[in-house]
Amino acid sequence: MQIMNFIKVVTTHIAIFVACIAWAQPAIAEDIELKQNAPSGLPRADVSTESAIIVEQTNTPSRPFAFGVETGATMDFSGTETSHFDIDIYGGYSKGFIQTLGMGIGLHPSFAYNRTLIPIYAIFRCNFTEGRSLCFADVKAGMSINELSSDTHNTGVYASAGIGFNLLQNRRFKIHAIASYSYTQIVPFDIYNQEALHGASIRIGITF
């Protein structure tokens, strides 16, 4: 049942990603139009005006901060039936190969039971190369507030590491997908002896 729920959630988020692509089409079209209208070197009456506009747009400094939202799902590997839906927001410094260096918070309710994990973490996300890059590293570390049952509440270490893929990039935003491993420390509860929840996550997100 958890596998089916996981597949349904991933399918839903793929649909959301497609919707984001459709929403981004005007910006993509604008970028293409700017490139097509760039001066070709042939004599034109308005070439100086176009050159000035393009240079001004190219030299516009990027913002030194980033804000983003991610959504996806985590498949539990710890045997505690705690696969969960994920939604996270984050923000921080952004410059050069550093995509984000800052803080984030998540809300991760489980599929099968009334359990909720709320991770609060520092995030470091960077490209593997200078400039535009297909892949990037994603690392999160902090603490998680865990509501595991009606009478079991605790906090523990939270950590996540993964690799991301830049699916769409322009001057305004980036759309990405991330595959990662997550670890959440817990106090053993109910019939389970586990001291940690761990699993694989798939997410899509947008960063402004």
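The values are calculated or read from the model by the stated rules, or taken from the named source; none is laboratory data. Keep in mind it's a predicted model, so treat the numbers as computed, not measured. Don't worry about glycine lacking a Cβ; one is built from the backbone with ideal geometry, like all the others, and counts go over all protein chains shown.
Is it the case that residue 51 is part of a helix (DSSP H, G or I), in contact with a Pro (Cβ under 9 Å, 6 or more places away or on another chain) and either more than 30 Å from residue 148 (Cα to Cα) or at pLDDT 50 or above (or both)?
For residue 51, the condition - part of a helix (DSSP H, G or I), in contact with a Pro (Cβ under 9 Å, 6 or more places away or on another chain) and either more than 30 Å from residue 148 (Cα to Cα) or at pLDDT 50 or above (or both) - is met.
What residue, of 103, 143, is surrounded by fewer than 18 Cβ atoms within 10 Å (Cβ to Cβ), at pLDDT 95 or above, farther than 25 Å from residue 175 by Cβ and not β-branched (Val, Ile, Thr)?
143
Under 8 Å between Cβ atoms, at least 6 apart or on separate chains: pull out the pairs that start in the range 74-93 with a residue that is without any contact (Cβ under 8 Å) to a residue 60 or more places away in the chain and closer than 15 Å to residue 196 by Cβ and end on any residue that is hydroxyl-bearing (Ser, Thr, Tyr) and surrounded by 21 or more Cβ atoms within 10 Å (Cβ to Cβ).
Partner pairs satisfying both residue conditions: 84/74; 84/110.
Could you give every pair whose Cβ atoms fall below 7 Å, whose first residue belongs to the range 126-137 and is free of Cβ contacts under 8 Å to residues at least 40 places away in the same chain, and whose second residue is exposed (fewer than 11 other Cβ atoms within 10 Å of the Cβ) and not in a loop (DSSP other than H, G, I, E, B), counting only separations of at least 6 or pairs across chains?
Qualifying pairs under 7 Å: none.
Looking at 73, 112, can you tell me which residue is touching an Asp or Glu at 6+ places or on another chain (Cβ under 9 Å), under 16 Å from residue 179 (Cα atoms) and of a type in the set (A, V, I, L, M, F, W, C)?
Going through 73, 112 in turn, the sole match is 73.
Residue 168 - would you say it is in contact with a Cys (Cβ under 9 Å, 6 or more places away or on another chain), modelled with pLDDT under 95 and of a type outside the set (Phe, Trp, Tyr)?
yes
Failed condition for residue 122, given (1) surrounded by fewer than 15 Cβ atoms within 10 Å (Cβ to Cβ); (2) not in a strand (DSSP E or B), with all others met?
(2)
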